[in-house]
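Working notes for the structure below.
The values are calculated or read from the model by the stated rules, or taken from the named source; none is laboratory data. From a predicted model like this one, the values you see are computed outputs, not experimental measurements. Cβ sites come from the backbone with ideal geometry, for glycine too, and all protein chains shown count toward neighbours. These accessible areas exclude ligands, DNA and RNA; they are computed on the full protein's heavy atoms, side chains included. Shrake-Rupley method; radii C 1.70, N 1.55, O 1.52, S 1.80 Å.
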Amino acid sequence: MEQSLLETKGRIFNIQRFSIHDGPGVRTIVFLKGCPLRCRWCCNPESQDWKPETMVTAGVSKTVGKDVTVEEVLREIERDRIYYRRSGHGGVTLSGGECLWQPDFSAALLRVCREVGISTAIETTGYADMDVIRKLLPYVDTVLMDIKHTNREKHKEFTTRDNELILENAKHIAKEAADLIIRTPVIPTFNATEEEIRSIAEFAKSLDGVEEMHLLPYHRIGSDKYAGLGRTYTMAHIQVPEKETMQKLLNVVQDVGLRAKIGG
Amino acid sequence: MVRMKFYTEPIAKSPRIAKLVDALFEKMPQIEADRAVLLTESYKSTEGEPIITRRAKAFRHILENIPITIRDNELIVGSATKAPRGCQVFPEYSFEWLEAEFDTVEKRTADPFYISEETKQTLSQVYKYWKGKTTSELATSYMSEEAKLAIEHGMFTPGNYFYNGIGHVTVDYPKVLAVGYAGIKKEAEDALAALSRGDADFAKRSHFLQAVIISCDAVVRYARRYSELAASMAKTTSDVRRRKELEDIAAVCREVPEYGARSFREACQSFWFVQMLLQVESSGHSISPGRFDQYMYPYYKKDLDEGKITREEAQELMDCIWVKLNDLNKVRDAASAEGFAGYSLFQNLITGGQDQYGKDATNDLSFMCITATEHVFLPQPSFSVRVWNGTPHEFLIRAGELTRTGIGLPAYYNDEVIIPALQSRGLTLAEARDYNIIGCVEPQKAAMTDGWHDAAFFNMCRPLELVFSNGRDKGVQLGPRTGEVESMRSYEEFEQAYRAQMNYFIELLVNADNAIDVAHGERCPLPFQSCMVNDCIARGKSLQEGGAVYNFTGPQGFGIANVADGMYAIKKLVFEQKKYTLGFIKKALEDNYGADMDGNMAAKLTQQVAASVVAAGKELTAEDIKTVYLTIRANKASDEDKAKYAQLLADIAAISKFGNDDDEVDAFAREMAYTYTKPLETYRNPRGGIYQAGLYPVSANVPLGAQTGATPDGRLAYTPVADGVSPAAGRDLKGPTAAANSVSRLDHFIASNGTLFNMKFHPSALEGRSGLESFVALVRGYFDQKGSHIQFNVVSRETLRDAQKHPEKYKSLVVRVAGYSALFTTLSRGLQEDIINRTEQQGF
């Protein structure tokens, strides 16, 4: 293995083991710091800014964001290899933040994982130059990509970026990636209607080889973090979608002809 | 659905089972005096005869005269008490504690029992006879003064076998099913005939074999009584269906257990007589059915193939047995009741695993045992599953479904550790492969072993306390003088002091256990139990006198996580970083880190103070009591010291802890566990066997934690110590895989009396098929790394809190305590808190 790959540096804010909702099997998720989008519902607001910052959790201040080498992260990933194997398809998932924001680090990490036989996945907004994405794709087994909305203005209003680049990239990724699963956070007032989900599902269905879509119901688990970062949570008035609503939306996706599930 | 190797289609629960379960819980459990009265009558009439003969005659007298009852809706019959979940008492072991608790046993927090005034009077009469004749009194005379003092100071407690019978055995069920007691009696008669009157040991052997014969006849006659009762009830019932059922019961009990079982139904009834009568002969618990799915399968398969039984009928019979296992009960002294909380009898029934040839033995009954546990949904049997590389995936998924219900069952055991561990204790490969679990987590080979598995609780934190006091405790020089900590110059010196304290108290623990062991051999040999364990008949010797092929004594240590974390913190903070002196740590521990006393403990002490004031004839207002409580509770350290202690606690917290997949601290914990496991295995017991350590606490980590001062891992005084080999509560912060990796780094092979790893899951982690798949991967992954045992509580913190507030709504909420499950609302507050505080793992 090339030493330079192992020495590649990146910035992460968490490594979470025994993750069972982001990709197949038991996985370790590496959360990278820095994201081009600012989604209002984001449950990891500490992931957004590239700069390390201070967050107060249960009265204790902690620095969020740490510079690490691929080797350091790999060592942590290796610790659960036995569980990846026992769960069939487990492995590592790069999440964030946005792994495409640190393409050299992400590509190096994915590549060494592949070389040592650990299955790889990324969870991404798809918001980057396609050439950047192509640096990673050869080393990724499963791409979990968000399509949050098909309407450009609404997308921009809620995430601060428009969706043209994302939708365009999705078409390429579908062709070039080993496996692409579309994921949609279901956010009341943003996209939680049958029409909007249908539109996303139809787009997903139109992509080459895409067969599966996950609906991720809005939750408030991250809401306290905003206060911990000295920021305002603007979604406090939003209700978590009802089970029945989610079931209806699930049926919509299935109608379109995709395998669908609620949650990852 | 693809038809796999096994029949796994769900079987509905029959309405009978719901009725039987409801009937169990109609009343509070009660104490009955019949056995004690009959036992005493018999003993009075056999004075001067050999003890083994007296035991057999007493057993016979009890079985001939004890009231018998067939409860409504029962198909499997045989009850040790008139009332469901009642208990008999066993004055031959000990009685003073019960007499002292006559007026409190109904009100105590852990495992209360109703006792009528009449029963109290009867027992008081009976007890007059027993003064000076019990095993506990004899054990006390045999025990060294030092051991008694150590027990008094809470260094360890051998109370289980001191006050009660031994139990902790799996007898030869398959043999009874095959040849009945007629067959066993024949074996004893043949052995007797083969003796020469000139043999040196003729006297003992012949009397033992005659005692076996008396016991076999007694059991057969007892079953006949049930047959006659069923027949007479059949004549008077107007319900046609019930009449047929009673006639069947009468026919079955005429046949078994005298002769071999000819059907699954007879096998079930025969099994039950064995299981129940073992618990009438002696009060020993953990009478474990063992590999039920293996020895019952041939009877099931034959009947099924011949069209004599349906799956549904077989399931209902099994469910009936599961109910009966919850009908038995045992009253323990108040202190032991806290250590074994939840009315548990630890009847461990295990399924799956390898056969003696190393092939997988899972069968359809293995699955039906899971279904029975779901149907009955009560703490007994302590249901277990054996796991190895060849365990069918679908079987583990099905077991995961049971785990997901939150009942805390099954417990999972690893063949890949236990088989070689047992071989290292002298078992053959074939024997080791056929192991089952006794009680909580203790492995052994059925029908060949007297394991003495729950021989004592040893609190590993207490010797550490004594290092800081140079062996003194409450004004007494209790342990060896290992030097004042202020003068210790290296970590090695400190660790040596700890080892010296450990070695000393381990020696005393052995002294106490061996004293008790001899007492049981001399005063309570058990001919009935012994006739079903090899090689008692061939050797002409009871189990209690060393008649088994394999003899062990297995006392269990607990609190490893506290000792490891504490020693590691001292190594780092005192000797490497040089931030603190041992003198300062000592002061911090004495001052309990400046923290107020644990609320439960303060309340207990307040009660004691209040009681003594009232006893002195003074009055107390609620306000007075509050003042006493606050004074007891408040910490008296100065503010300046408190600030320093706060810094110390923060520094301790920053040091890596066991349970977070840190190689260095985990290796350290492994070494610390050896301070208990290695010295112990050098000792021998009076039955000719060796000592082997267990690392599990049952539920004693709570009451014994309440006798333990602050420890250098930052644990406050009187709070629970860590249970089993689990990380200290709330200190494993990196998720379940990290905790499992850490725990697997301990040596589970040397702890061949069993290790216990508790994990608590939020229900969301096991949702859906993918949740189950991940769960199974976790179990497999832990076992790949040579962990021995793992068990789960799957219930949310919110649910448990709500159950504390509204116990009436949660009467049937079963949780995993230690090596067993119990009804949550029957547990003491302290134990409830301990379960709530265990780290709750989630799938992220």
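Going by the conditions given, is B:Tyr696 aromatic (Phe, Trp, Tyr), open to solvent by less than 10 Å² (accessible area, probe 1.4 Å) and modelled with pLDDT of 95 or more?
So B:Tyr696 fails the test.
Would you check if B:Leu304 is more than 24 Å from B:Pro15 (Cα to Cα) and of a type outside the set (Lys, Arg)? Walk me through it before giving the result.
Working: more than 24 Å from B:Pro15 (Cα to Cα): no; of a type outside the set (Lys, Arg): yes.
No; evaluated as a whole, the condition is false for this residue.
Residues of the stretch B:186-214 being of a type outside the set (A, V, I, L, M) and in contact with a Ser or Thr (Cβ under 9 Å, 6 or more places away or on another chain), which ones?
Once the filter is applied, which keeps residues that are of a type outside the set (A, V, I, L, M) and in contact with a Ser or Thr (Cβ under 9 Å, 6 or more places away or on another chain), the stretch B:186-214 yields B:Arg197, B:Asp199, B:Phe202, B:His207, B:Phe208, B:Gln210.
Please specify each residue of the stretch B:739-758 satisfying the condition of being crowded, with 24+ Cβ neighbours inside 10 Å, more than 10 Å from chain A (Cβ to nearest Cβ) and touching a helix residue (DSSP H, G or I) at 6+ places or on another chain (Cβ under 6 Å).
B:Ser742, B:Leu746, B:His748, B:Ala751, B:Ser752, B:Phe757
Tell me which residues, restricted to the stretch B:29-51, are touching an Asp or Glu at 6+ places or on another chain (Cβ under 8 Å) and more than 21 Å from B:Ile66 (Cα to Cα).
Scanning the stretch B:29-51 gives a single hit, B:Ile51.
Report the residue count in the stretch B:621-648 for those that are exposed (fewer than 12 other Cβ atoms within 10 Å of the Cβ) and outside any helix (DSSP H, G or I).
Going through the stretch B:621-648 one residue at a time, the tally reaches 4.
Assess whether B:Gly735 counts as being more than 30 Å from B:His153 (Cα to Cα) and either in contact (Cβ under 8 Å) with a residue 24 or more places away in the chain or within 14 Å of another protein chain (Cβ to nearest Cβ) (or both). Spell out the reasoning first.
Working: more than 30 Å from B:His153 (Cα to Cα): yes; either in contact (Cβ under 8 Å) with a residue 24 or more places away in the chain or within 14 Å of another protein chain (Cβ to nearest Cβ) (or both): yes.
For B:Gly735, the condition - more than 30 Å from B:His153 (Cα to Cα) and either in contact (Cβ under 8 Å) with a residue 24 or more places away in the chain or within 14 Å of another protein chain (Cβ to nearest Cβ) (or both) - is met.
Can you report the number of residues in the stretch B:53-90 which are open to solvent by 20 Å² or more (accessible area, probe 1.4 Å) and either over 30 Å from B:Lys541 (Cβ atoms) or without any contact (Cβ under 8 Å) to a residue 24 or more places away in the chain (or both)?
11
I'd like the full set of residues that are open to solvent by 10 Å² or more (accessible area, probe 1.4 Å) and out of contact with any Phe, Trp or Tyr (no Cβ under 8 Å at 6 or more places or on another chain), limited to the stretch B:269-301.
B:Gln279, B:Arg291, B:Gln294, B:Tyr297, B:Pro298, B:Lys301
Please state which of the following conditions B:Thr677 fails to meet, knowing it meets all the rest: (1) closer than 13 Å to B:Asn459 by Cβ; (2) of a type in the set (S, T, N, Q); (3) not in a loop (DSSP other than H, G, I, E, B).
(1)
Testing B:Phe25 on (1) surrounded by 16 or more Cβ atoms within 10 Å (Cβ to Cβ); (2) modelled with pLDDT under 95; (3) not acidic (Asp, Glu), one condition comes back false. Which one is that?
The one condition B:Phe25 does not meet is (1).
What number of residues in the stretch B:150-172 are part of a helix (DSSP H, G or I), under 20 Å from B:Gly521 (Cα atoms) and over 14 Å from the mean Cα position of the chain (by Cα)?
2
Conditions tested, residue by residue: (1) open to solvent by less than 30 Å² (accessible area, probe 1.4 Å); (2) within 21 Å of the chain's Cα centre (by Cα); (3) farther than 13 Å from A:Val186 by Cα.
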{"residue": "A:Ala201", "(1), (2), (3)": "yes, yes, no"}
{"residue": "A:Ala204", "(1), (2), (3)": "yes, yes, yes"}
{"residue": "A:Pro217", "(1), (2), (3)": "no, yes, no"}
{"residue": "A:Ile221", "(1), (2), (3)": "no, yes, yes"}
{"residue": "A:Glu242", "(1), (2), (3)": "no, no, no"}
{"residue": "A:Met246", "(1), (2), (3)": "yes, yes, no"}
{"residue": "A:Asp255", "(1), (2), (3)": "no, no, yes"}
{"residue": "A:Ala260", "(1), (2), (3)": "yes, yes, yes"}
{"residue": "A:Gly264", "(1), (2), (3)": "yes, yes, no"}
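For the stretch B:542-560, what are the residues that are out of contact with any Ser or Thr (no Cβ under 8 Å at 6 or more places or on another chain) and either assigned to a helix (DSSP H, G or I) or surrounded by fewer than 24 Cβ atoms within 10 Å (Cβ to Cβ) (or both)?
B:Glu545, B:Gly546, B:Ile560
Working only within the stretch B:794-808, note down all residues that are modelled with pLDDT under 85 and either buried (at least 22 other Cβ atoms within 10 Å of the Cβ) or within 12 Å of chain A (Cβ to nearest Cβ) (or both).
B:Val795
Quick check on this structure: which one of B:Gly771, B:Gly787, B:Gly724 is open to solvent by less than 10 Å² (accessible area, probe 1.4 Å), closer than 30 Å to A:Arg27 by Cα and assigned to a helix (DSSP H, G or I)?
Matching residue, one of B:Gly771, B:Gly787, B:Gly724: B:Gly771.
Just checking, how many residues over the stretch B:21-60 are within 18 Å of B:Tyr93 (Cα to Cα) and part of a helix (DSSP H, G or I)?
20
Aliphatic (A, V, I, L, M), touching a strand residue (DSSP E or B) at 6+ places or on another chain (Cβ under 9 Å), in a helix (DSSP H, G or I) and crowded, with 23+ Cβ neighbours inside 10 Å - does that describe any residue in the stretch B:173-190? Full working, then the answer.
Residues of the stretch B:173-190 aliphatic (A, V, I, L, M): B:176-179, B:182, B:184, B:188.
Within this subset, residues satisfying the condition of being touching a strand residue (DSSP E or B) at 6+ places or on another chain (Cβ under 9 Å) are none.
No - not one qualifying residue is present in the stretch B:173-190.
List the number of the failed condition for A:Asp131; all other conditions in (1) without any contact (Cβ under 8 Å) to a residue 60 or more places away in the chain; (2) over 16 Å from A:Ala174 (Cα atoms); (3) surrounded by fewer than 16 Cβ atoms within 10 Å (Cβ to Cβ) hold.
(2)
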